[in-house]
1. If the viscosity is 0.692 mPa s and the temperature 37 °C, what translational diffusion coefficient in µm²/s does Stokes-Einstein give for segment 6-77 when Rh comes from Kirkwood over Cα pairs?
2. Using alpha-carbon positions, what is the distance between the centroids of segment 52-69 and segment 34-50, in Å?
3. At what distance in nm do the modelled label points of residue 47 and residue 27 sit from each other, each positioned 7 Å from its Cα along Cα→Cβ?
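Values in this text are rule-based calculations from the coordinates and carry no lab data. Since the model is a prediction, treat every value here as computed from it, not as a measurement. Ideal geometry is used to build each Cβ from the backbone, glycine not excepted, and the neighbour counts take in all protein chains shown.
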């Protein structure tokens, strides 16, 4: 009996990491690479302005969003049609 390889059948999810702290987004990027083979990090943003530009340009499936950023709080910048999952 053959058991299908479900990993190769899964859709790759595309994401962005948005965090003003370089240490934070570097660590999360490494964890995603190591433990989430079906997730592709499209980019990293360190500011709300940069994040909005990347979200509109790359259209990720989901984002990792730091909600305590200096310029604009995370949820305030998301005027883009996203489902919020806590």
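1. 261
2. If you average the Cα positions of each part, the centres end up 8 Å apart.
3. Rounded to a tenth, the inter-label distance reads 2.5 nm.
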